[in-house]
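Structure record follows, encoded as structure tokens.
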Amino acid sequence: MATVPASAKVVVIGAGIVGNSLVHHLARLGWRDIVQLDKGPLPNPGGSTGHASNFIFPVDHSREITDLTLDSVRQYQEMGVFTESGGFELARTEERMEELRRRMSSAKAWGIEAELVDPAFVKEKVPFIEEDQFIGAFWTPSVGVVDSLRAGTIMREAALETGALTVVPNVEVTGLDVEDGRIRRVRTDGGDIEAEYVVIACGVWSPKIGDMAGISIPLTPAVHQMISVGPCPQLAEREGEISFPIVRDMDTFCYERQHGADMEVGSYAHRAILHEPEDIPSIEQAKLSPTEMPFTSDDFDPQLEQAYELMPELLGAEGAEMRYAINGLLSLTCDGNPILGESLVKGLWTAAAVWIKEGPGVGRAVAEWMVDGHSEIDVSHSDIARFHPHQMRREHTRLRTTEAFIKTYGIVHPAEQYESDRDQRCSPMHASQAELGAVFFETGGWERPHWYESNAGLLERYGDAVMPREHEWDARWWSPIINAEHLRMREAAGVIDLSAFEVFDIAGPGALETVQTVCVAQCDVPVGKVVYTPVLDPGGGFRSDLTVMRLGDRHFRVVTGAAHGPADRKWFGDHVPADGVTTLTNRTADVVTLGLWGPRSRDILASLTSDDVSDAGFGFLTCRDLQVKGTPVLASRISYVGELGWELYVGADDAAGLWDTLLDAGAAHGAVPVGIGVYGTTGRIEKSYRAFGFELDGERSIVEAGMQRPKVKAADFVGRAAYLAQRESAPETVLCTLVVDDHTSASGIKRYMLGGEPVLTRSGESLTDGHGHHPYVTSAGSAPSLGRHLLLAYLPPSEAVIGNELAVSYMEELYPVTVGSVDATPLLDPTNERIR
Amino acid sequence: MTSVLVCVKRVVDSSSEVVLTDDGQAVDGRYAGFTMSAHEECAVELAVQIGDARVVTLGDADAVEQLRAALAVGCTAATHVVADPQTFGPADVARELAAVVREHDHDLVLLGNDAADSGDFQVGIRLAYELGWPVVNGVATVSVQDGTIVADGAGPNGHETYRLPLPAVVTVLEGGVEPRYPTVPGRMKAKKVPIDERQPTAEPAGPGRVRLLLPPPAPSDVQVLGKGAEAAPAVVDLFERLGVLAR
């Protein structure tokens, strides 16, 4: 065995599916001098890969996770370790059938073959199943099982063959040395390694390793119980590891997966059983492996009965015994996504909380990200930089995963809110908003009013214009009050709490260079100008879109959304020159943003200030200091809702007072408090404003999003070369705004899409864009001022024609839609008269 | 049918590294989990093969897990003497087991040869003494033939067979039978069997144990046979000596 070398370009800690895939792809992309460590032996060092059930259902509601899974399947197939078995997801209830119909939407959107089938169809393929236990199923023929340990060995050996890799098993990491914010050295019980890059790919142990460098990798080891029953004669007579489809019994949160002569029954139904990484036994202490903890049979007993009801002949067969049972450890995070990317320590990367179905895809994506600065598959929802401080606490992860564990096979509404560990960040107006009956939704830990029950009186006034929703699912986590608030804002004015905005200042001699390097738009503008700009990665995909204000010659303020705020802050921070005097200061906690928009907003503001707020005196896309009834504010004339108005930046101590002042003064003009339901959805969708994470991500370009300007600034910026090239060729896909023509379902109930649905031809045939992707709804929402429901979707260029008649599939029914706009031109107020 | 009582104890699974609690009074089960000892698993298997078997344990509330495990593989009744096992010495346990035997008129009592944690090797003999019954220790198999117990095992001078009249006490060493795993229906049935709970009949005298100590680690038996292809002849030679390769 190799000994620990004294230095390396990159040290990958961990030899599970992720570490093995990562060293393979790093070597493939040309990196050399790679060292891989694991404290366990090879090929199974004792982590979660070693006991995984190894099956893959490709369809997930998340595009990012699905794409990583599909890429992983492709890699497993190329390695010859994938066996296709097909898989069923069973419904025991009508509510679940509806969820399976929604799953069909995701399957079609991501281009995966699937169909809804009746119990007889299942029985034909799984003869030992009891048909009367369920009412239908979702059939995915491409479900399969993999040999993840073999795959790991193949990938590791491929890297070894290139001479790029040194593997040292049975060596434990004892420390990580950080100097000047950069990783320098890995300490092990076999010697120290100087390293330029280090990747923590240690699965359930990752938090413990991260602590050594002072970074938080917020995942928790959690138990997934599994038993193996056999030998079952029905299975033993078939050759090979698997010949019957895998069954996921969704309503009992169980699965049944053939493994040779045995049937493995796994459960996500038990209480959340969480461990601390420090309490995982050592290899010597563990009876089986460190991540195969002692089985707690009491937790499993209820599932046993349900599994037996479904397959009594098989599980009760003569001689079939429970011969293996574990509490297997896997990694869970507070939002269910992996933890990937560079940490706050330069050069220290993470690749953790990854399942077998995503492993090779994650390895490739992280390797591309390290080598090229961006990955082909957008992984921004998994970026470790996404975490806000409260999310880095172990307690938060513990509470959120406890709440979410039972939802692993659950029916989760796309807008569903967590209940645990709320109220992490409340604006200074929180108490008075609660008194107004604010219904709070959470983003980045911030409690944001989504709508105000105090506005319920507006429902009567606007009547059917609020577009009430008849179906419970469509109306869940929604209120017609949102649409009433919207109409009132367009009619008079609205005051919106935007405290959650991530605000940071860049100041010093290198400030201009920093924003010019990061931003696509020209930021070398006069002081007092406001710039809306895309931010690109080196490959020309979106990293963000945000607003920059020039507050001084050497002083810029960046304002961005809460969800992606920490990642944006890291990205700018990474580009601040190391001159020792240019600084990035996070102002999020001490600057509160209030929005005032609507045709009466100028009258309201004018009544509170002696400063000139006329269009001539305070033009669009400018900012300056104002005194609003004695309170100093920075006002910025900009709008994400398509109305005249301002964002007002105020010190946190003054925010509650300003909020009351605006509402008091606004009342006479008809202004009301307006929630994020308007700001985030209805207001923006009427204006076809794009949102990062929905329309904009690393796989989309400015040209495809219809956001290109006539000129490109001369100054260099990240992604410039790629952007120039994109401008030279026709787009492969075009972001369009679609209008739903008829909402009536077969049952007569009007249905309203929520996002994620596939866009098809009128007759229901699938469409494909130049990237090979199928169109799907990136955002959906009411457009109350138009009296329509709007959808945003990227369409193949040939379909991106105004008036083109298409269809959207929702819960397995087709609804006619028409293309209303094929670029950023909004359907409401296309010439932006209202903003002036 | 012979009425058998089989006695089990909830112990830490000691098939991996043994970790003691900080006070040295017990083995720490955090990592390895809990089980009954391998000897007792064989005793349960023999009991189920012989006849109608009741399982008994003396332990805290968690010990019900071991009773259910025995019920899941074929025992039909269970008694739980609810007590803190750390405060009970072998004589105390024997007294409590004797009370259960008398209550149910068992013909045969099977125990493991010794518990995997405390290793006192005493309860079987003390129980027989308490009952005034014959006892045979450390056998691998037990059967009842025409009202007589036949117990087989390895003795110091070779294979030994004992014949005993009923009633009797027998302690079992692992190795004579392959304990079965539970079936799914067996496990489900076990869940529904009512467990007869009882309190100890007397205050325990205690084990008199000061503390547990771990023995020094056994010296390594690893012999390096060589490296790479050079090691092949030595490996072949070893395999031939072990009899896994024909010479």
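The values are calculated or read from the model by the stated rules, or taken from the named source; none is laboratory data. The structure displayed is predicted, hence computed values, not measured ones. Quick reminder, even Gly has a Cβ in these numbers, built from the backbone with ideal geometry, and neighbours come from all protein chains shown.
Look through A:TYR776, A:TYR794, A:TYR752 and report the one residue that is in contact with an Asp or Glu (Cβ under 6 Å, 6 or more places away or on another chain) and either under 30 Å from A:GLU98 (Cα atoms) or of a type in the set (Lys, Arg) (or both).
A:TYR752
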Does any residue of the range A:327-337 turn out to be modelled with pLDDT under 95, buried (at least 20 other Cβ atoms within 10 Å of the Cβ), within 17 Å of A:ALA52 (Cα to Cα) and within 10 Å of chain B (Cβ to nearest Cβ)? yes
Scan (1) touching a helix residue (DSSP H, G or I) at 6+ places or on another chain (Cβ under 7 Å); (2) within 11 Å of chain B (Cβ to nearest Cβ); (3) not in a loop (DSSP other than H, G, I, E, B) for the single condition A:ASP251 breaks and write down its number. (2)
Pairs where the first residue, in the range A:171-200, is aromatic (Phe, Trp, Tyr) and the second is buried (at least 16 other Cβ atoms within 10 Å of the Cβ), C-beta under 7 Å, 6+ apart: A:TYR197/A:VAL10; A:TYR197/A:GLY347; A:TYR197/A:TRP349; A:TYR197/A:MET370
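Are there strands (runs of 3 or more DSSP E) fully within the range A:133-246 with at least 1 residues that are in contact with a helix residue (DSSP H, G or I) (Cβ under 9 Å, 6 or more places away or on another chain) and closer than 30 Å to A:ASP279 by Cβ? List them.
Values: elements: A:136-140, A:144-146, A:165-168, A:173-179, A:182-188, A:191-200, A:219-230.
Of the strands (runs of 3 or more DSSP E) lying wholly inside the range A:133-246, those with at least 1 residues that are in contact with a helix residue (DSSP H, G or I) (Cβ under 9 Å, 6 or more places away or on another chain) and closer than 30 Å to A:ASP279 by Cβ span A:144-146, A:165-168, A:173-179, A:182-188, A:191-200, A:219-230.
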Flagged in the range A:575-608 as of a type in the set (Gly, Ala, Ser), assigned to a loop (DSSP other than H, G, I, E, B) and either in contact (Cβ under 8 Å) with a residue 12 or more places away in the chain or touching a helix residue (DSSP H, G or I) at 6+ places or on another chain (Cβ under 9 Å) (or both), in numbering order, are A:ALA589, A:GLY598, A:SER607
Would you check if there is a residue in the range B:206-226 being touching an Asp or Glu at 6+ places or on another chain (Cβ under 8 Å) and among the small types (Gly, Ala, Ser)? yes
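Collect the residues in the range A:727-768 that are polar (S, T, N, Q) and surrounded by fewer than 22 Cβ atoms within 10 Å (Cβ to Cβ), keeping them in residue-number order. Explain how you work it out, then say what you get.
Here is the first cut: in the range A:727-768, the ones polar (S, T, N, Q) are A:729, A:733, A:737, A:744-745, A:747, A:761, A:763, A:766, A:768.
Matches in the range A:727-768: A:SER729, A:THR744, A:SER745, A:SER747, A:THR761, A:SER763, A:SER766, A:THR768.
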Is it the case that A:GLU264 is of a type in the set (D, E, K, R) and not in a helix (DSSP H, G or I)? yes
Could you check B:ARG187 against (1) in contact with a Ser or Thr (Cβ under 9 Å, 6 or more places away or on another chain); (2) closer than 30 Å to B:ALA83 by Cα; (3) surrounded by fewer than 16 Cβ atoms within 10 Å (Cβ to Cβ) and say which number it fails? (3)
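For the range A:566-587, state whether one or more residues are at pLDDT below 95 and not aliphatic (A, V, I, L, M). Step through it out loud before you land on a result.
Keep residues of the range A:566-587 that are at pLDDT below 95, which gives A:578-580.
With not aliphatic (A, V, I, L, M) added as a condition, the list becomes A:579-580.
Yes, the range A:566-587 contains at least one residue that is at pLDDT below 95 and not aliphatic (A, V, I, L, M).
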Cβ-Cβ under 8 Å, sequence separation 6+ or interchain: first residue in the range A:293-312 and part of a helix (DSSP H, G or I), partner of a type in the set (Asp, Glu) and surrounded by 18 or more Cβ atoms within 10 Å (Cβ to Cβ). Which pairs? A:SER297/B:GLU65; A:ASP298/B:GLU65; A:GLN306/A:ASP249; A:ALA307/A:ASP249; A:ALA307/A:GLU256; A:LEU310/A:ASP249; A:LEU310/A:GLU256
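Regarding A:VAL591, is this residue over 16 Å from A:LEU658 (Cα atoms) and either modelled with pLDDT of 95 or more or of a type outside the set (S, T, N, Q) (or both)?
Numbers: over 16 Å from A:LEU658 (Cα atoms): no; either modelled with pLDDT of 95 or more or of a type outside the set (S, T, N, Q) (or both): yes.
In short, no.
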Being within 17 Å of A:GLY316 (Cα to Cα) and either charged (D, E, K, R) or assigned to a strand (DSSP E or B) (or both) is the filter here; which residues of the range B:169-191 pass it? B:ARG180, B:ARG187, B:LYS189, B:LYS191
Could you list, in sequence order, the residues of the range A:612-664 that are of a type in the set (Ser, Thr, Tyr) and either under 16 Å from A:THR547 (Cβ atoms) or buried (at least 21 other Cβ atoms within 10 Å of the Cβ) (or both)? A:THR622, A:SER636, A:SER639, A:TYR640, A:TYR649
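Taking the range A:267-279, which residues are in a helix (DSSP H, G or I) and either within 12 Å of chain B (Cβ to nearest Cβ) or surrounded by fewer than 22 Cβ atoms within 10 Å (Cβ to Cβ) (or both)?
To start, the set of residues in the range A:267-279 that are in a helix (DSSP H, G or I) comprises A:277-279.
Within the range A:267-279, A:GLU278, A:ASP279 qualify.
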When every residue in the range A:810-824 that is at pLDDT 95 or above and over 14 Å from A:SER763 (Cβ atoms) is compared, the one surrounded by the most Cβ atoms within 10 Å (Cβ to Cβ) is A:TYR810
Restricting the search to the range A:301-310, which residues are buried (at least 19 other Cβ atoms within 10 Å of the Cβ), out of contact with any Cys (no Cβ under 6 Å at 6 or more places or on another chain) and at the interface with chain B (Cβ under 9 Å from one of its Cβ atoms)? A:LEU304, A:TYR308
Please find, among A:ASP697, A:ASP664, A:ASP653, the residue that is among the acidic types (Asp, Glu), touching a strand residue (DSSP E or B) at 6+ places or on another chain (Cβ under 8 Å) and modelled with pLDDT of 95 or more. A:ASP697
Residue check: is A:SER297 in contact with a helix residue (DSSP H, G or I) (Cβ under 6 Å, 6 or more places away or on another chain), of a type in the set (Ser, Thr, Tyr) and either buried (at least 16 other Cβ atoms within 10 Å of the Cβ) or more than 9 Å from chain B (Cβ to nearest Cβ) (or both)? no
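Just one of B:LEU58, B:LEU67, B:LEU71 is over 20 Å from B:LYS192 (Cα atoms) and surrounded by 24 or more Cβ atoms within 10 Å (Cβ to Cβ); which is it? Outline the logic, then answer.
Details: B:LEU67 fails: over 20 Å from B:LYS192 (Cα atoms); B:LEU71 fails: over 20 Å from B:LYS192 (Cα atoms).
Only one candidate passes the filter, namely B:LEU58.
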So which residues in the range B:158-168 are part of a loop (DSSP other than H, G, I, E, B) and at pLDDT 95 or above? B:PRO167
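Give the residue, chosen from B:ARG68, B:ARG95, that is within 14 Å of another protein chain (Cβ to nearest Cβ) and either among the basic types (Lys, Arg) or assigned to a strand (DSSP E or B) (or both). Before the answer, list the steps.
Values: B:ARG95 fails: within 14 Å of another protein chain (Cβ to nearest Cβ).
Among B:ARG68, B:ARG95, only B:ARG68 is within 14 Å of another protein chain (Cβ to nearest Cβ) and either among the basic types (Lys, Arg) or assigned to a strand (DSSP E or B) (or both).
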Could you please find all residues in the range B:3-31 being within 14 Å of chain A (Cβ to nearest Cβ), basic (Lys, Arg) and surrounded by 21 or more Cβ atoms within 10 Å (Cβ to Cβ)? B:ARG10
Pairing a residue in the range B:202-225 that is at pLDDT below 85 with any residue that is assigned to a loop (DSSP other than H, G, I, E, B), where Cβ atoms lie under 6 Å and the two sit 6 or more apart in sequence or on different chains, gives none
The residue that is nearest to the chain's Cα centre (by Cα), considering only those in the range A:280-292 that are without any contact (Cβ under 8 Å) to a residue 40 or more places away in the chain and facing another protein chain (nearest Cβ under 7 Å), is A:PRO281
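Is it the case that A:GLY319 is in a loop (DSSP other than H, G, I, E, B), more than 36 Å from the chain's Cα centre (by Cα) and within 12 Å of another protein chain (Cβ to nearest Cβ)?
So A:GLY319 fits the description; yes.
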